[in-house]
Amino acid sequence: SKIDKAVKRKVLHRNNGARKKASLAKKLKAIEAQLNATVTESPAV
């Protein structure tokens, strides 16, 4: 990923990169959960 490349090139500190990736994963998981909840709530036609 772009974050991994930035860490590898020492543009970002290793811990900063890990924190950014964890934050993105958390946001993605929340969005997926919201989408799944919306899909299960809508009635099948």
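What follows is calculated from the coordinates using simple rules that are stated; it is not laboratory data. This one's a predicted model, so the numbers in the text were calculated from it and none came from an experiment. When we count neighbours, we look across all protein chains shown, and the Cβ atoms used for this are built from the backbone with ideal geometry, even at glycine.
Say a site is exposed when it is one of the trypsin sites (Lys or Arg not before Pro), sits in a DSSP loop, and has at most 14 other Cβ atoms within 10 Å; what is then the longest site-free stretch of the chain?
11-45
Between the helical axis of 14-41 and the dominant principal axis of the chain, each derived from Cα atoms, what acute angle in degrees is found, rounded to the nearest 10?
Long axis of 14-41 versus the principal axis of the chain: about 10 degrees.
Within the chain, count lysine pairs with alpha carbon atoms under 20 angstrom apart where the residues are 8 or more positions apart or belong to different chains.
The number of close lysine pairs in the chain is 14.
Cα atoms only, the chain: Rg and Dmax in Å?
Taking only Cα atoms of the chain, I get Rg and Dmax of 16.4, 53 Å.
Summing -39500 (n - 2.57) over the DSSP H runs of n ≥ 4 in the chain and dividing by its residue number, what mean residue ellipticity at 222 nm do you reach, to the nearest 500 deg cm²/dmol? Walk me through the numbers before you get to the answer.
Numbers: 2 runs with 35 residues, N = 45.
Helices in the chain give a 222 nm mean residue ellipticity of -26000 deg cm²/dmol.
Which of the listed residues, Ala30, Ala6, Thr40, is farthest toward the dipole's positive end in the chain, when Lys, Arg count +1 and Asp, Glu count -1 at the beta-carbon?
Ala6
Which order do Glu41, Glu32 fall in if you start with the one that has the fewest other Cβ atoms within 10 Å? Please report the intermediate quantities before stating the final value.
Working: Glu41 7, Glu32 10.
Fewest-to-most ranking of Glu41, Glu32: Glu41, Glu32.
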